[in-house]
1. Treat every Asp and Glu Cβ in the stretch 182-261 as -1 and every Lys and Arg Cβ as +1, leave all other atoms uncharged, and give the resulting dipole magnitude about the Cα centre to the nearest 20 debye.
2. Mind checking the angle between helix 106-116 and the chain's longest principal axis? C-alpha axes, 0 to 90 degrees, to the nearest 10.
3. Could you work out the pair-distance distribution P(r) of the stretch 164-208 from its alpha-carbon pairs, with 10 angstrom bin width and percents rounded to whole numbers?
4. For the stretch 118-195, what is the relative contact order in percent, using Cα pairs closer than 8 Å and at least 6 residues apart in sequence?
5. Any chance you could tell me what percent of the C-alpha pair distances in the stretch 265-311 go past 12 Å?
6. Give the angle, between 0 and 90 degrees and rounded to the nearest 10, that separates the Cα long axis of helix 232-241 from the longest principal axis of the Cα atoms of the chain.
7. ARG285 versus ASP414, label points 7 Å from Cα toward the beta carbon: distance in nm?
8. Along the Cα-to-C-beta direction of ASP147, a point sits 7 Å from the Cα; which residues of the stretch 201-229 have their amide N less than 18 Å from that point?
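The values are calculated or read from the model by the stated rules, or taken from the named source; none is laboratory data. None of the values given here were measured: they were computed from a predicted structure. All Cβ positions, even for glycine, are placed from backbone atoms using ideal geometry, and neighbour counts span all protein chains on display. To get the accessible areas, we keep the full protein, side chains included, count just its heavy atoms, and leave off ligands, DNA and RNA. Shrake-Rupley method; radii C 1.70, N 1.55, O 1.52, S 1.80 Å.
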Amino acid sequence: MRSHRFLVAGLTATLLAACATTPAPAPTPLSTSQSATVPTPRNGSAGLQVPGVSPQQLHADYWLARSADADRIRLDAAQVATLDAEQFQRDPTFNRLDAFPATMDGSRVRAWIEQLAKRPSGLLGKDGGAIGDSQIDAWMASRALGDIPAQVKVRWAIVTQRADLRTFPTDIRVFRNAQGIRERIDRFQESALFPGTPVAVLHTNRDGRWLFVASPTYKAWMHREPLAYASQAEVLAFARNASQRVVAPHLLADGRQLDMSTTVAVDGSKAILPVRGNDGQLAQREVTLPAGSTVAGALPYSERNLLTQAFRLLGEPYGWGHADGTRDCSGFVSDVYRSVGVQLARNTGDQRDSPVLQTQRFDEHSTRAQRLAALAKAQPGDLIFIPGHVMMVIGHLDGRTYVIHDTPGVRINDAAGDPQPWPLDGVSVTPLEPLRADAQRDFIDIMLALQHVMPRRD
């Protein structure tokens, strides 16, 4: 696993992780304005009262009313498409599936698998027992790297239901320590793919149950069952035709989860979703979306739509690596931005290091005054990066920067000035300035970057 996926040593106790399987909160239509009669949303799944956050501030409209620029279109549809194309061209974490050849050098596929994960050590099972060398040997052997031919024939498929991406071809959850077990941070959980995602299938594990795949933004192992096969042309055409985005998350009658920003094709009042036929081939099914569903093309790239979409997920439980039907900090901002057609890299470090987006960086030579000056100019929708975590700016109030972020928890000083844990466990609104990294440092002191999600000017 790459280090930018993990919390650095000083922050492990700061971000208090927890996973859950409760569904996302009920969606609010885009046209609805909040009022005194609207129930107060939960701030994080724990619903704690965060110091400095009033009930009114848990609504997007509160922050949008403070902005004179909420409806300005930052990029039009053509400009968003240009930005998207540039990211796929220049960012090495993106995968140009349309440029994949029919056959691929086997050594390249092997390198991708080995790059995903080296031999792990020091792991615990969910019962707290140490995972022995024999189990690790089995996972390493299960990858069947010796079976990769000199030339790999690429197969093509569409994801038919939400599916986990794993570091190794196993469902066994593993942890670094007892705290990780309590916080449910499974070190083999990489991400998740949504229905309609195209993938290149590059390798099969030893028992045939797992496939190593390349999606547009990630390469990892997944179960074989959620995939429906077709030709490269058919798969990419299906993905292109699925140009309508689910604006708010829904659970279908058949149990399939349609996350916010899942792309579907639409025929009248029906959504066209991919299914796996009895022969494993790609088929499609017309599905009536639940009452109140909103499906649209990419929303206009504006502050109003960014904040509205972000607040739709307020209170959703935190899930490391998109585990258990939820999402994590980088997945949260990715899904929000995908609503307006902007694709972000999957992990926080890759998002921060984008070669395409406007990013102001900070290091050990940056002063606190420099960081505060940058924050004062931050716009709603801007992304703030600390080691292992990303937050989205929603506005400023009384000299503080307010953010919405998907977080296991934070630390805030008590009356005596000592940092105390606030286990928010989900998408939450907090002021930035009071958040503590540890007893000596604030989040501001360890801020690595402030990113404006627009094309770089150079």
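1. In total the dipole reaches around 140 debye.
2. So the helix axis and the longest Cα principal axis differ by about 30 degrees.
3. Each 10 Å bin holds this share of Cα pairs: 23, 43, 25, 9.
4. Value for the stretch 118-195: 37 percent.
5. Within the stretch 265-311, distances greater than 12 Å cover 71 percent of Cα pairs.
6. Once rounded, the angle reads 30 degrees.
7. 5.3
8. Under cut-off, by backbone N: 201-214, 220-227.
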